[in-house]
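Remarks on the structure that follows.
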Amino acid sequence: MQDKVLIKVAQVLKNNIRSTDIIFRWEGEEFIVLSLKIDIDNINMLCEHIRHTIEQTAFDTIDPIILSIGAIISTDIDNVSSIIKRADDALYLAKNEGRNCVTPL
């Protein structure tokens, strides 16, 4: 059952990101969407759109899915490790703020 849910979430994500964005699964039930050439306002709009779309999507086997999203914009001093760490920090902040929200960091 969990595999079917993850596959459907991945399909919804893929269908709701820009053609220039890249999505991949990260640790268990987490996904990363890498968006190039985007500012904080647009990344927040994209993330809210994704969150809302997942929330409104019918899943056959379980109640509606809710999504916590941590959004960051990389800086000139970032590297892959610091980007992942900051995104993870933003994600856990979203989870601690009640879930089903987007938290930019």
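We did not get these values from a lab; they are worked out from the coordinates using the rules stated. If you're wondering where the values come from, they're calculated on a predicted model, not measured in any experiment. Using ideal geometry, Cβ is built from the backbone for each residue, glycine included, and neighbour counts are taken over all protein chains shown.
The distance from the alpha carbon centre of region 58-105 to that of region 5-44 is 11 Å, rounded to a whole number. Placing a label point 7 Å from the Cα of Asp78 along the Cα-to-Cβ direction, the residues of region 1-32 with a backbone N closer than 19 Å are 17-27, 30-32. Database remark: amide H of Asn100 closer than 5 angstrom to the amide H of Leu67, Ser68 (H placed geometrically; neighbours at sequence offset of 5 or more, or on other chains; Pro and chain starts carry no H). To the nearest 10 degrees, how steep is helix 80-96 against the longest Cα principal axis of the chain, on a 0 to 90 scale? Around 50 degrees separate the two axes. Across the chain, Cα pairs under 8 Å and at least six residues apart give a relative contact order of 23 percent. Helical runs assigned H by DSSP (4 residues or longer) give the chain a calculated mean residue ellipticity at 222 nm of -15000 deg cm²/dmol, each run adding -39500 (n - 2.57) before division by the residue total. GNM on the chain, alpha-carbon springs under 10 angstrom: the most fluctuating residue among Ile23, Ile40, Ile62 is Ile62.
For Lys95 and Lys4, the FRET efficiency from 1/(1 + (r/R0)^6), where r spans their Cβ atoms and R0 equals 22 Å, is about 0.40.
Build a GNM of the chain with springs between Cα atoms under 10 Å apart, and of Lys37, Lys14, Lys95 the one that fluctuates most is Lys37. What are the lysines whose alpha-carbon lies under 25 Å from the alpha-carbon of Lys37, with same-chain residues fewer than 8 places away excluded? Once the sequence-local lysines are set aside, what remains near Lys37 is Lys14, Lys85.
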